[in-house]
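Structure first, commentary second.
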Amino acid sequence: MNPDPAPASPGRPPAPPRAAGALGRWAHRHARWLFPAPAVLIVAAIIVYPVVYTVWMSLQEWAASSLTAPRFVGAANYRRIVLADPRFRDAVLRTLYFTALALTGETVLGVAMALVFNREFWGRGVLRTLAILPMVATPTAIGLVFVMMYHPTLGVANYLLSLAGLPPFKWTYSSATALYAVALVDVWQWTPLIMLIVLAGLASLPREPYEAAHIDGASGLRAFRYITLPLLRPAIVVAVLFRAIDALKTFDIIFILTQGGPANATETINILLFNQAFSYFNMGYASSMAVALFALVMGASLVLIKVRRSAAW
Amino acid sequence: MVAGRVRRRLQGAVYYGLALAFMLPTVFVFYWMITLSLKPQVEATAYPPSFFRFSVTTAGYRTVFTKYPFLLYTWNSLVVAVGCTALGLAVGLPAAYSIARWRQRGLAVTILVARIIPGISYLIPWYIFFRQLRMVDTYGALILTHLIVGLPIIIWVMIGFFEDVPRDLEDAALIDGCSHLGIFWRVALPLVRPGVMATAILSFVFSWNNFLFSVILAGRETRTLPIAVFNMISYEEINWGTLAAAATMITLPVLLLALLVQRHIVTGLTFGAVKQ
């Protein structure tokens with residue numbers, strides 16, 4: 001019927017592998033389970049088990065001592081973090097505030113940068129390559145450089161402000177400004193991610209609405225407001241949620257710049273629970289905070305997954 | 001015509017200027033780090049600071065190696081990052097192939113969740129286990145834990161590469177009696193070699209940069225570079241030239257590596273949500 005030679009079609013069962021013993025044939029048949037098996041085992045050992053252990057530990061009271069065993073206290077740790085620990089409540093609010101600060105800066109700047117970089121101009125490729133560098137630079141090293149730049153009397157940050165005629169700041173050295181100074185480092189580091197995600201979104205925009213708008217005599221600004229922004233929204237939302245998931249977990253730069261200080265002004269959930277676990281060895285109590293942070297991040301992730309499903313781009 | 005060209009030129013210049021303005025802070029921080037590392041102490045902490053005219057010295061770099069066991073720290077970072085990447089590739093490549101080939105969505109999502117969970121929620125159990133196993137301050141503990149940053153990146157970026165391998169090619173090999181292992185090893189893997197290179201570098205970079213896991217699980221013998229640099233701040237190292245030299249030496253290799261794989265970085269960071 002069909003003059004062409006039949007392609008490798010689903011109708012024809014694949015021949016068993018030639019040079020293989022019983023073991024080889026068994027491995028061939030179960031390849032789809034054997035291939036991922038080592039990865040699954042590792043994930044189970046270093047991820048699933050620790051998470052389950054953390055949840056179990058959050059119901060105990062234990063000072064990480066080998067002399068005394070963990071004592072089961074039920075939901076007491078959770079009662080404490082929710083009802084009786086103002087420091088934890090402050091840390092939660094601070095984490096959310098830090099995330100909001102960083103994300104606002106990154107989104108506004110990132111979208112603006114993407115619009116600029118969407119045009120053709122000489123040297124665009126080189127500048128875009130430079131934009132990648134903050135995201136891969138070692139956070140510890142970057143934090144260290146900002147420690148020196150933020151120095152209230154010798155730092156270059158205040159010198160640059162004075163050039164612009166502004167009074168000096170205390171940056172990370174004052175509890176009034178420390179959180180903003182740390183958020184600024186996050187903005188410096190991660191604005192390029194938003195830019196690159198939005199840029200990818202811009203590249204996939206259709207041309208027709210713009211041509212129609214041009215014929216109708218719409219100005220560039222109106223075209224941006226009524227065409228670009230709505231079409232770009234899915235890309236922006238995905239970018240923001242991606243950043244939110246990581247910003248909620250920010251640890252390195254805060255720990256290096258301030259370690260939560262001055263006067264707890266930058267103590268996010270991550271920093272507070274790190275100190276509870278590894279300075280005071282309140283393992284059970286710290287575990288309950290870890291579960292709370294986990295819930296917060298998973299909440300943001302579920303929103304992301306939902307949004308990604310609905311936004312096809 | 002001419003007016004239009006002038007206008008386009010002018011517009012181009014404006015965009016170029018805006019782009020430069022946006023990138024100025026990025027470039028400046030790196031520029032400041034490198035110039036500080038080359039300044040003698042008097043000039044590093046001079047106020048007002050000098051941006052272009054300063055005397056150049058390698059004293060900062062020499063101090064890093066003479067006052068601190070920086071070679072050991074560099075070696076530790078290398079062992080851990082290479083170990084994590086090698087192990088990650090060994091278990092991640094077959095897993096990525098399997099996910100791409102047999103559409104194992106559930107497995108892919110599980111790996112993604114591993115990346116989403118805050119690292120600190122693993123740290124308490126790890127600390128307890130590794131202490132019981134007397135594995136704190138060993139390469140083994142660091143390599144295993146760094147897999148949490150390396151493995152998801154390897155798997156998720158490689159899924160994309162394996163999906164691009166023509167299915168016909170694999171089916172033809174299957175009909176010729178090639179086993180799945182043979183197809184993976186002799187057909188698919190050679191085709192995705194550029195991807196393997198890129199993910200290896202990405203995994204190396206993120207292991208190299210890791211601070212949180214190493215700060216608890218590394219000890220005197222296995223301390224990696226980020227921890228060493230952090231300790232320099234807490235030991236009141238007051239010479240800014242030395243601090244900047246240390247910062248430069250940690251991050252410069254990573255920046256150079258990143259330039260090699262820049263096309264894949266956003267894919268890696270967004271777990272395939274954005275392909276470039």
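For the range A:133-156, a residue qualifies if it is part of a loop (DSSP other than H, G, I, E, B) and in contact with a helix residue (DSSP H, G or I) (Cβ under 7 Å, 6 or more places away or on another chain), and the qualifying residues are A:Ala137, A:Thr138, A:Tyr150, A:Pro152, A:Gly155. Taking the conditions exactly as written (polar (S, T, N, Q), at the interface with another protein chain (Cβ under 9 Å from one of its Cβ atoms) and either under 23 Å from the mean Cα position of the chain (by Cα) or within 25 Å of B:Asn210 (Cβ to Cβ) (or both)), does A:Thr172 satisfy them or not? It is false that A:Thr172 is polar (S, T, N, Q), at the interface with another protein chain (Cβ under 9 Å from one of its Cβ atoms) and either under 23 Å from the mean Cα position of the chain (by Cα) or within 25 Å of B:Asn210 (Cβ to Cβ) (or both). For the range A:186-196, does any single residue satisfy the condition of being in contact (Cβ under 8 Å) with a residue 60 or more places away in the chain and more than 11 Å from chain B (Cβ to nearest Cβ)? Yes: the range A:186-196 contains one or more residues that are in contact (Cβ under 8 Å) with a residue 60 or more places away in the chain and more than 11 Å from chain B (Cβ to nearest Cβ).
With respect to B:Ala141, is the statement that it is farther than 23 Å from A:Ala292 by Cα and either among the small types (Gly, Ala, Ser) or surrounded by 21 or more Cβ atoms within 10 Å (Cβ to Cβ) (or both) true? It is true that B:Ala141 is farther than 23 Å from A:Ala292 by Cα and either among the small types (Gly, Ala, Ser) or surrounded by 21 or more Cβ atoms within 10 Å (Cβ to Cβ) (or both). Taking B:Tyr97, is it within 10 Å of chain A (Cβ to nearest Cβ), aromatic (Phe, Trp, Tyr), touching a residue at least 40 places away in the same chain (Cβ under 8 Å) and more than 14 Å from B:Leu243 (Cα to Cα)? Criteria met by B:Tyr97. Anything in the range A:240-275 that is among the polar types (S, T, N, Q) and either under 22 Å from B:Leu225 (Cβ atoms) or crowded, with 23+ Cβ neighbours inside 10 Å (or both)? List them, or say none. A:Thr250, A:Thr258, A:Gln259, A:Thr266, A:Thr268, A:Asn270, listed by residue number.
Report whether or not A:Tyr78 is among the aromatic types (Phe, Trp, Tyr), facing chain B (nearest Cβ under 10 Å) and over 23 Å from the mean Cα position of the chain (by Cα). No, not satisfied.
Is there a residue being touching a residue at least 60 places away in the same chain (Cβ under 8 Å) and either in contact with a helix residue (DSSP H, G or I) (Cβ under 7 Å, 6 or more places away or on another chain) or more than 30 Å from B:Ala19 (Cα to Cα) (or both) anywhere in the range A:115-123? The answer is yes, given that some residue of the range A:115-123 is touching a residue at least 60 places away in the same chain (Cβ under 8 Å) and either in contact with a helix residue (DSSP H, G or I) (Cβ under 7 Å, 6 or more places away or on another chain) or more than 30 Å from B:Ala19 (Cα to Cα) (or both). Filter the range B:33-58 down to the residues that are part of a helix (DSSP H, G or I), of a type outside the set (Ser, Thr, Tyr) and crowded, with 19+ Cβ neighbours inside 10 Å and list them by number. Hits for the range B:33-58 are B:Met33, B:Leu36, B:Leu38, B:Glu43, B:Ala44.
Scanning the range A:260-288 for residues that are closer than 26 Å to A:Phe242 by Cα and either out of contact with any helix residue (DSSP H, G or I) (no Cβ under 8 Å at 6 or more places or on another chain) or at the interface with chain B (Cβ under 9 Å from one of its Cβ atoms) (or both) gives A:Ile269, A:Asn270, A:Leu273, A:Phe274, A:Ala286, A:Ser287. Only helices (runs of 4 or more DSSP H) whose full extent lies in the range B:129-243 are considered here, and the ones with at least 1 residues that are modelled with pLDDT of 90 or more are B:139-163, B:193-209, B:212-217, B:225-234.
Restricting the search to the range A:19-41, which residues are under 21 Å from B:Leu144 (Cβ atoms) and out of contact with any helix residue (DSSP H, G or I) (no Cβ under 6 Å at 6 or more places or on another chain)? Matches in the range A:19-41: A:Ala37, A:Val40, A:Leu41.
Taking residues in the range A:238-250 that are within 18 Å of B:Asn210 (Cα to Cα), and partners anywhere that are modelled with pLDDT under 90 and part of a helix (DSSP H, G or I), the pairs with Cβ atoms closer than 7 Å and at least 6 places apart or on different chains are A:Ile245/A:Ala300; A:Ile245/A:Ser301; A:Ile245/A:Leu304; A:Ile245/B:Ile116; A:Leu248/A:Ala300. Candidates are the residues of the range A:91-128 that are in contact with a Phe, Trp or Tyr (Cβ under 6 Å, 6 or more places away or on another chain) and within 22 Å of A:Arg233 (Cβ to Cβ); the one that is surrounded by the fewest Cβ atoms within 10 Å (Cβ to Cβ) is A:Arg119.
Taken over the range A:197-220, residues that are away from chain B (no Cβ under 14 Å) and of a type in the set (Ser, Thr, Tyr) amount to 2.
Look at (1) modelled with pLDDT of 90 or more; (2) farther than 30 Å from A:Pro192 by Cα; (3) among the hydrophobic types (A, V, I, L, M, F, W, C) and you find that B:Val64 fails only one, number (1). Here A:Leu302 meets each of (1) part of a helix (DSSP H, G or I); (2) over 24 Å from A:Tyr78 (Cα atoms); (3) out of contact with any Pro (no Cβ under 9 Å at 6 or more places or on another chain) with one exception, condition (2). Answer yes or no: is there a residue in the range A:89-110 that is β-branched (Val, Ile, Thr), more than 13 Å from chain B (Cβ to nearest Cβ), under 25 Å from the mean Cα position of the chain (by Cα) and closer than 30 Å to A:Gly220 by Cβ. Scanning the range A:89-110, I find at least one residue that is β-branched (Val, Ile, Thr), more than 13 Å from chain B (Cβ to nearest Cβ), under 25 Å from the mean Cα position of the chain (by Cα) and closer than 30 Å to A:Gly220 by Cβ, so the answer is yes.
Per-residue answers, yes or no, for (1) within 10 Å of another protein chain (Cβ to nearest Cβ); (2) touching a residue at least 40 places away in the same chain (Cβ under 8 Å):
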position: B:Asp168; (1), (2): yes, no
position: B:Arg186; (1), (2): no, no
position: B:Pro194; (1), (2): no, no
position: B:Trp208; (1), (2): yes, yes
position: B:Ala218; (1), (2): no, yes
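Annotation note: Cβ proximity below 9 Å between a residue of the range B:225-253 that is within 9 Å of chain A (Cβ to nearest Cβ) and a residue that is among the basic types (Lys, Arg) (sequence gap 6+ or interchain) occurs for B:Trp240/B:Lys39; B:Ala244/B:Lys39. Might you let me know whether the range B:69-90 holds any residue that is over 13 Å from B:Trp156 (Cα atoms), of a type in the set (A, V, I, L, M, F, W, C), at the interface with another protein chain (Cβ under 10 Å from one of its Cβ atoms) and assigned to a helix (DSSP H, G or I)? Checking the range B:69-90: at least one residue is over 13 Å from B:Trp156 (Cα atoms), of a type in the set (A, V, I, L, M, F, W, C), at the interface with another protein chain (Cβ under 10 Å from one of its Cβ atoms) and assigned to a helix (DSSP H, G or I). For first residues located in the range A:101-112 and over 16 Å from B:Ala21 (Cα atoms), partners that are buried (at least 18 other Cβ atoms within 10 Å of the Cβ) and among the basic types (Lys, Arg) and lie 6+ apart or on another chain with Cβ distances below 9 Å form the pairs A:Ala102/A:Arg243; A:Leu103/A:Arg243; A:Thr107/A:Arg243. Inside the range A:161-185, residues that are free of Cβ contacts under 8 Å to residues at least 24 places away in the same chain and surrounded by 14 or more Cβ atoms within 10 Å (Cβ to Cβ) make up a count of 5.
The values are calculated or read from the model by the stated rules, or taken from the named source; none is laboratory data. These numbers come from a predicted model, not from an experiment. FYI the Cβ positions are ideal-geometry reconstructions off the backbone, even for glycines, and counts take in every protein chain you see.
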